[in-house]
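Since the structure comes first, as structure tokens, the remarks are kept for the end.
The values are calculated or read from the model by the stated rules, or taken from the named source; none is laboratory data. Predicted model only: the values in this text are computed from it and were never measured. Neighbour counts run over all protein chains shown; Cβ positions are idealised from the backbone, glycine included.
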């Protein structure tokens, strides 16, 4: 007779499943199968009451439990920038203002009751109690009008070392730094595992040791600070590669706001300068750019700027004889004389510029007699339209090169010969663009002068005239401005234009102007006296990736270490050495996706977004 088989119970099924799983794990262990988790996890972990050991490293977690009555901005910077391996975690929990108001009201009632009780007993007044009441009342007022918010703040620090002695040494350093600011910390005794988890990048606050703070107190704990180059105001330039702090800097806080950018082609110099220009506009700076390669049009259009295209076929006109409409009485008396000096340099450039002979001697573009005749012709040309050294006459319509040509043609000496040499700018090939009255308006937060379509011979002349025109406007209307001169090596090829650029660098600070000079031809730029003088008069310098030959030149100028020299020729795109005043750091230039879409000139990047 067949017997009916008994069905297994739930407990038996669970036991069987557990046995199967144990067998599977045993087989996997015997086979030595490794998962990704096995590969990245440490070999072991030991948890003790006041420290833990992760593989061969020792760790200890501290938590902050006490703060002074007043705490100042940057108080955590010494911890962030100390030269030790530490993990810092901050947990910030918003609290509803209504809840805080209710608790504060209760607290104030308790404090006032305590103070009244002390008064009734005839006790001496308690300053600490009075300060607590005043603080609570002040916070209630600010919360009521929405000027402040309330938060719960937790701060944990995990330190790492190779031995327990080293761990103790690092702990003493941290506790000393905290103690100097009346910030009190403790070891998370018997909670080292929770402390370690709380400082891992997984956002789990397992210690839950928090302190009440308002908005002002929380803001002082801003963690992205650099020991070298971080200020309370300014714009973000990038990340300090030494400590992952943010390089936030205001170039106008230095002795001058000038900056030079050196890099080989494709190293990211234009990208960096455009990023700085975009961010500077956000803090109220006006931007003026001389663009020789049509790199700034996209950015200019995006911010609603004025894009002025200079070419022989365009309708744009700039008259180099314009005088600045200055308000300062000292500058007004000197306006004509200063413009005459500028015009001398310009006309030498137009007439061929000073040349260097085969013997290394400087051959001037004009002889002494020609210089004298030209000077008299310039004075007479202004006088014919009623402009003299008297500032009251400077509102008259200025002359043009055509008027100068006519003056030279009808004067004695070398005048007629000089007039013939100038004729190509008045009625010849280059006529029009610089021989008529100005019709350019740069009253815009961003103005770009594009000179790409000008002939090579005319381009240095155009850069000189545009710079002179900008300088006149800067002197007449002083605002916070940045003037960016891209491919400045073209100006450094000629003595007069190099001298003019140097004079801008030297005098820009007086007129609230920051000059940015960009070049990829480092050797030619630094080989001239004026080039080195411009660098010396620039409080900020950015050195991106360089050619091997340029590294040696820059090393002598900036006194680079051997390690910095080695890095300078091997930097990836967007990394470099950032100098500001006496400090310099290894910086990574960073931009948001939106910023990058506006400023990149990389065709591959543009194609990738389509």
> What number goes with the only condition from (1) out of contact with any strand residue (DSSP E or B) (no Cβ under 7 Å at 6 or more places or on another chain); (2) outside any loop (DSSP other than H, G, I, E, B); (3) more than 19 Å from residue 300 (Cβ to Cβ); (4) touching a residue at least 60 places away in the same chain (Cβ under 8 Å) that residue 473 does not pass?
Replying inline: (3)
> For segment 242-256, what are the residues that are at pLDDT 85 or above, crowded, with 20+ Cβ neighbours inside 10 Å and part of a loop (DSSP other than H, G, I, E, B)?
Replying inline: 256
> So which residues in segment 198-211 are at negative phi and exposed (fewer than 14 other Cβ atoms within 10 Å of the Cβ)?
Replying inline: 200, 201, 202, 204
> From the list 58, 91, which residue is over 34 Å from the mean Cα position of the chain (by Cα), surrounded by 14 or more Cβ atoms within 10 Å (Cβ to Cβ) and closer than 25 Å to residue 186 by Cα?
Replying inline: 58
> residue 262 passes all but one of (1) touching a strand residue (DSSP E or B) at 6+ places or on another chain (Cβ under 9 Å); (2) surrounded by fewer than 22 Cβ atoms within 10 Å (Cβ to Cβ); (3) at pLDDT below 90; which number fails?
Replying inline: (2)
> If you take the residues in segment 443-456 that are surrounded by fewer than 18 Cβ atoms within 10 Å (Cβ to Cβ) and in contact (Cβ under 8 Å) with a residue 40 or more places away in the chain, which one is nearest to residue 291 (Cα to Cα)?
Replying inline: 452
> Which helices (runs of 4 or more DSSP H) sit wholly inside segment 121-206 and have at least 1 residues that are farther than 24 Å from residue 53 by Cα?
Replying inline: 127-144, 164-180
>> What's the number of the only condition in (1) more than 23 Å from residue 537 (Cβ to Cβ); (2) modelled with pLDDT under 85; (3) assigned to a helix (DSSP H, G or I) that residue 601 fails to meet?
In response: (3)
>> I need the full set of residues from segment 545-575 which are out of contact with any helix residue (DSSP H, G or I) (no Cβ under 8 Å at 6 or more places or on another chain), touching a residue at least 60 places away in the same chain (Cβ under 8 Å) and outside any loop (DSSP other than H, G, I, E, B), in order please.
In response: 575
> Limited to segment 286-301, what total is found for residues that are under 25 Å from residue 512 (Cβ atoms) and either surrounded by fewer than 20 Cβ atoms within 10 Å (Cβ to Cβ) or in contact with a helix residue (DSSP H, G or I) (Cβ under 8 Å, 6 or more places away or on another chain) (or both)?
Replying inline: 7
>> Can you tell me which of (1) in contact with a helix residue (DSSP H, G or I) (Cβ under 9 Å, 6 or more places away or on another chain); (2) surrounded by 18 or more Cβ atoms within 10 Å (Cβ to Cβ); (3) under 24 Å from residue 365 (Cβ atoms) is the one residue 469 doesn't meet?
In response: (1)
>> I'm told residue 246 meets every condition in (1) touching a residue at least 40 places away in the same chain (Cβ under 8 Å); (2) in contact with a strand residue (DSSP E or B) (Cβ under 9 Å, 6 or more places away or on another chain) except one. Can you identify the failing condition by its number?
In response: (1)
> Looking only at segment 286-299, which residues are over 19 Å from the mean Cα position of the chain (by Cα) and not in a loop (DSSP other than H, G, I, E, B)?
Replying inline: 290, 291, 297, 298
>> Taking the criterion of being part of a helix (DSSP H, G or I), on the phi < 0 side of the Ramachandran plot and more than 12 Å from the chain's Cα centre (by Cα), would at least one residue in segment 257-268 satisfy it?
In response: no
> Within segment 464-487, can you find the residues that are at pLDDT below 85 and under 23 Å from residue 262 (Cβ atoms)?
Replying inline: 487
> Among (1) assigned by TED's automatic domain parsing to the domain that holds residue 486; (2) surrounded by fewer than 17 Cβ atoms within 10 Å (Cβ to Cβ), which single condition is residue 575 missing?
Replying inline: (2)
>> Anything in segment 385-413 that is part of a helix (DSSP H, G or I) and surrounded by 13 or more Cβ atoms within 10 Å (Cβ to Cβ)? List them, or say none.
In response: 391, 393, 401, 402, 403, 404, 405, 406, 407, 408, 409
>> With the structure loaded, tell me whether residue 590 is part of a helix (DSSP H, G or I), in contact with a strand residue (DSSP E or B) (Cβ under 7 Å, 6 or more places away or on another chain) and modelled with pLDDT of 85 or more or whether it fails that test.
In response: no
> Failed condition for residue 416, given (1) over 35 Å from the mean Cα position of the chain (by Cα); (2) assigned to a loop (DSSP other than H, G, I, E, B); (3) surrounded by fewer than 22 Cβ atoms within 10 Å (Cβ to Cβ), with all others met?
Replying inline: (2)
